[in-house]
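Q: First the structure, which I've put down as structure tokens, then a few questions once you've had a look.
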Amino acid sequence: MSRRTVLVTGASVAGPTLAYWLRRYGMDVVVVERAPELRTGGQTVDVRGAGRTVAQRMGLEDAIRACSTNEEGIAFVDANNRTRAAFDAKAFGGEGLIAELEILRGELARLLVERTRDDAEYIFGDCVTGLEDDGERVRVTFQRGAPRTFDLVIAAEGIGSRTRKLVFGDEVTFRAFDLHTAYFTIPRAPSDGQQARWFNAPGSRNVTLRPDNLGTTRALLSFQEPPQGYERLEPARQKALLKRTFAGLGWETPRVLAALDDSPDFYFEAIGQVKMPRWSKGRVALVGDAAYCASPSAAWARASRSSAPTSSPES
Ligand SMILES: Cc1cc2nc3c(=O)[nH]c(=O)nc-3n(C[C@H](O)[C@H](O)[C@H](O)COP(=O)(O)OP(=O)(O)OC[C@H]3O[C@@H](n4cnc5c(N)ncnc54)[C@H](O)[C@@H]3O)c2cc1C
């Protein structure tokens, strides 16, 4: 009997992890990623709980530890950079706000792709444009490559998955948290130290700076506003929006805004949760944020159950 073939879409965290396990269970795997190369942006991912168990079972824990950001904790600072509250990374048994084991999202994706690259076929710079599921196999058309047929297709395309939209249509509900966040890398400055620093400003705005292990600093700008479709704008317009929204703020905000245009890995998202009545339809399934994203603000979200669902945020 021939081996099962599976198309996985998205080469971030969920996609390559799935590719590893599908290979372990004897399937042939193709991973297609829309970006022309591995996306390295984003801040840190804390590896704890089930994530730690999965990393251990994949034999990746030591490699992750070797790439750890080694943040010492987080300080909540005022406009004069005075610490108003702080949490050490060792607090709560290493399971606090900053965990004992943290790795950059891009570094984690790189480790996962490296672990699977020899066993799975990776295609960058392409994406699915159509799927025909005849009950036995799925014929897939791509933006660039020739059509191919697979036994199964699994979308790991993140919160704005377009393949999800193609297959599940309006079954998707996006629960918006009225929160927008941009992540990008900026040059390191002497003030950055080994601690993450979090500055809250009036008008529901937040600037966070986190030292990484690559000699740079990871910046985060976050502001509250009901959904406007900002996540679908061109990056240049998103950056202009951020400059307007954060203009005149103190602390290290001017330095962050000055570095915005030259950042190599700008990423903007509308924070929210994907809600699906089911995660598979015929021979197509969803995994990761495309299926059930809890969002980085899950704890906060539980406290604000009143925000109304809106439509899906395909990107
Ligand atoms: C560049 C980037 C930076 C991020 N930064 C942060 C952060 O700082 N903090 C945080 O909490 N979360 C961040 N996230 C989200 C975080 O990675 C996810 O919440 C989590 O890791 C779950 O991963 P995932 O693999 O399900 O989805 P994601 O990490 O969102 O990855 C989805 C992948 O699919 C690709 N893709 C999208 N559409 C298609 C398509 N049609 N065809 C093929 N590929 C497609 C994307 O380019 C991406 O590589 C970031 C995601 C990305 C892509």
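The values are calculated or read from the model by the stated rules, or taken from the named source; none is laboratory data. Everything numeric here is computed off the predicted structure, so don't read it as measured data. Glycine gets a Cβ as well: all are built from the backbone with ideal geometry, and neighbour counts include every protein chain shown. We work out accessible area using only protein heavy atoms, side chains counted, and drop any ligands, DNA or RNA first. Shrake-Rupley method; radii C 1.70, N 1.55, O 1.52, S 1.80 Å.
Q: Tell me the strands (runs of 3 or more DSSP E) entirely within the stretch 1-88 that contain at least 3 residues that are farther than 22 Å from Ser295 by Cα.
A: Numbers: elements: 5-9, 28-33, 44-46, 73-77, 83-88.
Hits in the stretch 1-88: 5-9, 28-33, 83-88.
Q: Still on this structure: Hey, does the stretch 41-56 have a residue that's within 9 Å of the ligand (Cβ to nearest atom), within 18 Å of the chain's Cα centre (by Cα), of a type in the set (A, V, I, L, M, F, W, C) and at pLDDT below 95? Steps first, please.
A: Initially, the stretch 41-56 is screened for residues within 9 Å of the ligand (Cβ to nearest atom), giving 41-45.
Still in the running and within 18 Å of the chain's Cα centre (by Cα): 41-45.
So of that shortlist, the ones also of a type in the set (A, V, I, L, M, F, W, C) come out as 45.
Next, from what is left, pick out any that are at pLDDT below 95: 45.
Yes: the stretch 41-56 contains one or more residues that are within 9 Å of the ligand (Cβ to nearest atom), within 18 Å of the chain's Cα centre (by Cα), of a type in the set (A, V, I, L, M, F, W, C) and at pLDDT below 95.
Q: Mind checking which residues of the stretch 42-66 are within 24 Å of Leu209 (Cβ to Cβ) and of a type in the set (S, T, N, Q)?
A: Residues satisfying the conditions are Gln43, Thr44.
Q: Got a sec? Which helices (runs of 4 or more DSSP H) wholly within the stretch 224-315 have at least 1 residues that are more than 18 Å from Ala14 (Cβ to Cβ) and modelled with pLDDT of 90 or more?
A: It comes to 235-246, 253-260.
Q: Would you mention how many residues in the stretch 94-111 are of a type in the set (Gly, Ala, Ser) and either open to solvent by 20 Å² or more (accessible area, probe 1.4 Å) or at positive phi (or both)? Talk me through it step by step, then tell me what you get.
A: As a first pass, look at the stretch 94-111 and keep what is of a type in the set (Gly, Ala, Ser): 94, 96, 99, 106, 109.
Now drop any that are not either open to solvent by 20 Å² or more (accessible area, probe 1.4 Å) or at positive phi (or both), which leaves 94.
Here the count works out to 1.
Q: Being open to solvent by 20 Å² or more (accessible area, probe 1.4 Å) and within 16 Å of the ligand (Cβ to nearest atom) is the requirement here; does Gly59 meet it? First the steps, then the outcome.
A: Working: open to solvent by 20 Å² or more (accessible area, probe 1.4 Å): yes; within 16 Å of the ligand (Cβ to nearest atom): no.
No; evaluated as a whole, the condition is false for this residue.
Q: Please go through the stretch 23-40 and give me each residue that is more than 6 Å from the ligand (Cβ to nearest atom) and either under 14 Å from the mean Cα position of the chain (by Cα) or buried (at least 22 other Cβ atoms within 10 Å of the Cβ) (or both), ordered by number.
A: Val29, Val31, Leu38, Thr40 - these are the residues of the stretch 23-40 that are more than 6 Å from the ligand (Cβ to nearest atom) and either under 14 Å from the mean Cα position of the chain (by Cα) or buried (at least 22 other Cβ atoms within 10 Å of the Cβ) (or both).
Q: What pairs come out if I take residues in the stretch 262-274 that are open to solvent by 30 Å² or more (accessible area, probe 1.4 Å) and pair them with residues that are assigned to a strand (DSSP E or B) and within 11 Å of the ligand (Cβ to nearest atom) whose C-beta lies under 8 Å away, six or more apart or interchain?
A: Listed pairs, sorted by first residue: Pro264/Thr185; Phe266/Ala182; Phe266/Tyr183; Phe266/Phe184; Tyr267/Ala182; Tyr267/Tyr183; Tyr267/Phe184.
Q: Taking the stretch 179-196, which residues are buried (at least 18 other Cβ atoms within 10 Å of the Cβ) and either touching a Ser or Thr at 6+ places or on another chain (Cβ under 8 Å) or hydrophobic (A, V, I, L, M, F, W, C) (or both)? Before you say what the answer is, go through the steps one by one.
A: Just the residues of the stretch 179-196 that are buried (at least 18 other Cβ atoms within 10 Å of the Cβ), to begin with: 179-186, 192, 195-196.
Leu179, His180, Thr181, Ala182, Phe184, Thr185, Ile186, Asp192, Ala196 - these are the residues of the stretch 179-196 that are buried (at least 18 other Cβ atoms within 10 Å of the Cβ) and either touching a Ser or Thr at 6+ places or on another chain (Cβ under 8 Å) or hydrophobic (A, V, I, L, M, F, W, C) (or both).
Q: While we're looking at this one, here's another question. Kindly check whether there is at least one residue in the stretch 4-15 that is surrounded by fewer than 17 Cβ atoms within 10 Å (Cβ to Cβ), farther than 30 Å from Leu221 by Cβ and without any contact (Cβ under 8 Å) to a residue 40 or more places away in the chain. Break it down stepwise before answering.
A: Step one: list which residues in the stretch 4-15 are surrounded by fewer than 17 Cβ atoms within 10 Å (Cβ to Cβ), which gives 4.
Add one more test, that the residue is farther than 30 Å from Leu221 by Cβ, and what stays is 4.
Keeping just the survivors that are without any contact (Cβ under 8 Å) to a residue 40 or more places away in the chain gives none.
No; the residues of the stretch 4-15 include none that is surrounded by fewer than 17 Cβ atoms within 10 Å (Cβ to Cβ), farther than 30 Å from Leu221 by Cβ and without any contact (Cβ under 8 Å) to a residue 40 or more places away in the chain.
Q: Test of understanding: among Thr173, Thr116, Thr163, which residue is among the β-branched types (Val, Ile, Thr), touching a residue at least 40 places away in the same chain (Cβ under 8 Å) and farther than 15 Å from Val8 by Cα?
A: Working: Thr116 fails: farther than 15 Å from Val8 by Cα; Thr163 fails: farther than 15 Å from Val8 by Cα.
Answer to the check: Thr173.
Q: If you go through the stretch 205-223 one residue at a time, how many are of a type in the set (Ser, Thr, Tyr) and modelled with pLDDT under 95? Break it down stepwise before answering.
A: Kept after step one, since they are of a type in the set (Ser, Thr, Tyr), are these residues of the stretch 205-223: 208, 216-217, 222.
If we keep only those that are modelled with pLDDT under 95 as well, we get none.
The total comes to 0.
Q: Let me ask something else. State all residues of the stretch 286-299 that are closer than 14 Å to Val172 by Cβ and open to solvent by less than 60 Å² (accessible area, probe 1.4 Å); if no residue qualifies, say none. Lay out the reasoning, then the answer.
A: Here is the first cut: in the stretch 286-299, the residues closer than 14 Å to Val172 by Cβ are 286, 289-293.
Leu286, Ala290, Ala291, Cys293 - these are the residues of the stretch 286-299 that are closer than 14 Å to Val172 by Cβ and open to solvent by less than 60 Å² (accessible area, probe 1.4 Å).
Q: How do the pairs read when you match residues in the stretch 35-58 that are closer than 20 Å to Gly93 by Cα and free of Cβ contacts under 8 Å to residues at least 24 places away in the same chain with residues anywhere that are within 12 Å of the ligand (Cβ to nearest atom) and part of a strand (DSSP E or B), using Cβ under 8 Å and keeping only pairs 6 or more apart or on different chains?
A: As it stands, the answer is Gly51/Val45, since those pairs meet every condition given.
Q: Of all the residues that make up the stretch 76-93, how many are buried (at least 19 other Cβ atoms within 10 Å of the Cβ) and out of contact with any Asp or Glu (no Cβ under 8 Å at 6 or more places or on another chain)? Explain how you work it out, then say what you get.
A: Residues of the stretch 76-93 buried (at least 19 other Cβ atoms within 10 Å of the Cβ): 77, 89.
Going one step further and asking which of them are out of contact with any Asp or Glu (no Cβ under 8 Å at 6 or more places or on another chain), we end up with 77.
Selection size over the stretch 76-93: 1.
Q: If I go through the stretch 120-137 residue by residue, how many of them are more than 11 Å from the ligand (Cβ to nearest atom), open to solvent by 20 Å² or more (accessible area, probe 1.4 Å) and under 24 Å from the mean Cα position of the chain (by Cα)?
A: Residues that pass the stated criteria total 2.
Q: Kindly provide the set of residues from the stretch 148-189 that are assigned to a helix (DSSP H, G or I) and of a type in the set (Gly, Ala, Ser), ordered by number. Before you say what the answer is, go through the steps one by one.
A: Within the stretch 148-189, the first condition is being assigned to a helix (DSSP H, G or I), and the residues that meet it are 162-171.
Gly169, the sole residue that qualifies.
Q: For the stretch 88-110, which residues satisfy the criterion of being more than 13 Å from Gln195 (Cα to Cα) and within 13 Å of the ligand (Cβ to nearest atom)?
A: Result: Ile103, Leu104, Arg105, Gly106, Glu107, Leu108, Ala109, Arg110.
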